[in-house]
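The values are calculated or read from the model by the stated rules, or taken from the named source; none is laboratory data. These numbers were taken from a predicted model, which means no experiment stands behind them. Virtual Cβ from ideal backbone geometry, glycine too; neighbours counted across all protein chains shown.
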Amino acid sequence: MEEISASAESAEQDNPKLSTHHTGPKSRKENRYLGVIVLWSLLGVLLLIGFVTYGVHYFIMIEERDSLNANLSTVSKKLAVMTEERDLLRANFSENLKKLEVLLSSLIIQCPAGWSNFSYSCYLLSGSSGPWDAARRDCRDRGADLVVIDCAKEQEYLTRLTKTSTWIGLHDIEEEGKWKWVDGTPLNLKYWADDQPDNGSGDPRWGEEDCAHIRTSDSTWNDVSCRDFLPWVCEKIP
């Protein structure tokens, strides 16, 4: 038996291919392949985890976006309703304020007989006609003066009050082209008719046109000779 064992061991040493232990280059190559496979496997797992994580976050973002859009739509509708309510309240407030102004003016302002009141002033439409100077003298004898128009509402009121072309307290008698009111205030609010004032366009038939009147036909102003005969409106604050 010892001879057989020794013979086998001798044969194994003489023929390296019969050995079962591989510790040379081939074993190292197999280990390298195994390491690459493990590395790629880990990379695949990481990529898979990344894709799954991205997918989850993506769907969460989609849900949040849809939820946000729904909330924005709801907020927009609420804002539209609030805007309508605000406009309605503003319109109601403006209307009530106008009614209150009319009520207060009627309660506070006491105009003389024959005079009408509007926005804290009293107005008198003359029953006769005359030149501008005579019209102003009549108003001043009554403790008033020719009307001074300082807002659109007053312009509208006078358009309704007058029935024909009527003197107002506007002139450029002192300096041509420098229009001012009888109380000394400069002309800011303007309702001149087209191409007016024109000072008679230089036509000697009309002469100097230094006084203004209101035309009820189109609710505008025009300049004419102060010598023309027109009715007038007096204004005073009681």
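Just checking, which of W192, W167 is over 15 Å from C226 (Cα atoms) and either at pLDDT below 95 or assigned by TED's automatic domain parsing to the domain that holds C211 (or both)? Spell out how you get there, then give the answer.
On the way: W167 fails: over 15 Å from C226 (Cα atoms).
None of the other options fit; the residue is W192.
Being touching a residue at least 24 places away in the same chain (Cβ under 8 Å), farther than 14 Å from W232 by Cα and small (G, A, S) is the filter here; which residues of segment 140-190 pass it?
Correct list: G143, A152.
Across segment 208-230, what is the number of residues that are among the β-branched types (V, I, T) and out of contact with any strand residue (DSSP E or B) (no Cβ under 7 Å at 6 or more places or on another chain)? Show your work before the answer.
Filtering segment 208-230 down to residues among the β-branched types (V, I, T) leaves 214, 216, 220, 224.
Those left that are additionally out of contact with any strand residue (DSSP E or B) (no Cβ under 7 Å at 6 or more places or on another chain): 216.
So the count comes out to 1.
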